[in-house]
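The values are calculated or read from the model by the stated rules, or taken from the named source; none is laboratory data. Bear in mind that the values here come from a model prediction, so they are computed numbers and not experimental data. We place every Cβ from the backbone using ideal geometry, glycine too, and count neighbours over all the protein chains shown.
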């Protein structure tokens, strides 16, 4: 599936850069503008129901070094059971890391409901919404960047 079929919008992250205001749960909305049946199939389990949040993983894989000028990477959502990619899209590393920072700070004040929300929309209508607590970040060589990742306490990888 082509990465340019996806548009990513974030909300509730401005407060973290301003260091003011009440933390709000960061949300990422992914709008799909391609062959809907393909993505719907990827987002559906063997039982015919949409995958649950616990059946998916969200990650960011850098394509450039964080020390470089305007580093970019790939945001991915995968099926935790099969390991298959559900979707991938290109994003600026700074934007993703700001989102993760907001999710981490929100999680410090949240009461176990997840640090951020992912919503996937098909044809302008929400198909799945996930509350998530983990967002893994990998360098351009595939190594996990623990300090950049959102990993709940007590979780061992």
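Residues that are in contact (Cβ under 8 Å) with a residue 40 or more places away in the chain, farther than 24 Å from residue 34 by Cβ and in contact with a strand residue (DSSP E or B) (Cβ under 9 Å, 6 or more places away or on another chain): find the strands (runs of 3 or more DSSP E) completely inside region 46-105 holding 1 or more of those. Lay out the reasoning, then the answer.
Details: elements: 56-62, 72-79, 85-92.
Result: 56-62.
Going by the structure shown, is residue 117 within 23 Å of residue 79 (Cβ to Cβ), surrounded by fewer than 19 Cβ atoms within 10 Å (Cβ to Cβ) and either at pLDDT 95 or above or in contact with a helix residue (DSSP H, G or I) (Cβ under 6 Å, 6 or more places away or on another chain) (or both)?
no
Any idea how many residues of region 53-69 are in contact with a helix residue (DSSP H, G or I) (Cβ under 8 Å, 6 or more places away or on another chain) and either surrounded by 15 or more Cβ atoms within 10 Å (Cβ to Cβ) or on the phi > 0 side of the Ramachandran plot (or both)? Can you show your working first?
Restricting attention to region 53-69, the residues satisfying the condition of being in contact with a helix residue (DSSP H, G or I) (Cβ under 8 Å, 6 or more places away or on another chain) are 60, 62, 64, 66.
Checking which are either surrounded by 15 or more Cβ atoms within 10 Å (Cβ to Cβ) or on the phi > 0 side of the Ramachandran plot (or both) leaves us with 60, 62, 66.
Of the residues in that region, 3 qualify.
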